[in-house]
């Protein structure tokens, strides 16, 4: 399956490495806290995806995490969204698939809490894609730091 990346390659590599490396000794958080964190991250991710869906590319970049903005210029983000999302056509529906906290900070990234969410997107020209949104806690709020379409 062809993977499409919509973020800087360096950022993607950092996030990909971090997802595979979870320390065995990480203590799980209480279920209530995990659910609350996943719900909050999902709400932010869906709002952010809504900006991308509506063509509000500059606004989606502005709403993203500082590391995202540092890695991807507005022009790069516009080009990436256009080249990857354009061929998919109009979004018909999107449903959450999973929410997974990351127990290790991605290498080279600021210390913090990270969450990876996956959504099933159904588009006009491609009936099923997986969208992955990675978020980081920044200033007490979740912010998008990575977005991938598979």
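The values are calculated or read from the model by the stated rules, or taken from the named source; none is laboratory data. Everything numeric in this text was worked out from a predicted model, so none of it was measured. Neighbour counts run over all protein chains shown; Cβ positions are idealised from the backbone, glycine included.
The number of residues in the range 132-150 being surrounded by fewer than 19 Cβ atoms within 10 Å (Cβ to Cβ) and in contact (Cβ under 8 Å) with a residue 12 or more places away in the chain comes to 4.
Scanning the range 89-109 for residues that are assigned to a loop (DSSP other than H, G, I, E, B) and either within 15 Å of the chain's Cα centre (by Cα) or surrounded by 12 or more Cβ atoms within 10 Å (Cβ to Cβ) (or both) yields 103, 104, 105, 106, 108, 109. On the given criteria, is residue 86 out of contact with any helix residue (DSSP H, G or I) (no Cβ under 6 Å at 6 or more places or on another chain) and in a loop (DSSP other than H, G, I, E, B)? Taking the combined requirement at face value, the residue does not satisfy it.
Among the conditions (1) over 11 Å from the mean Cα position of the chain (by Cα); (2) more than 14 Å from residue 46 (Cβ to Cβ), residue 120 misses just one, which is (2). Summed over the range 52-80, the residues that are in a helix (DSSP H, G or I), farther than 20 Å from residue 111 by Cβ and more than 13 Å from the chain's Cα centre (by Cα) give a count of 12.
Note on the range 110-131: residues that are in contact with a helix residue (DSSP H, G or I) (Cβ under 9 Å, 6 or more places away or on another chain), free of Cβ contacts under 8 Å to residues at least 40 places away in the same chain and surrounded by 14 or more Cβ atoms within 10 Å (Cβ to Cβ) amount to 2.
Matching residues to (1) touching a strand residue (DSSP E or B) at 6+ places or on another chain (Cβ under 6 Å); (2) exposed (fewer than 13 other Cβ atoms within 10 Å of the Cβ); (3) under 19 Å from residue 119 (Cα atoms); (4) at pLDDT 95 or above:
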| position | (1), (2), (3), (4) |
| --- | --- |
| 2 | no, yes, yes, no |
| 23 | no, yes, no, no |
| 51 | no, no, yes, yes |
| 87 | no, yes, yes, yes |
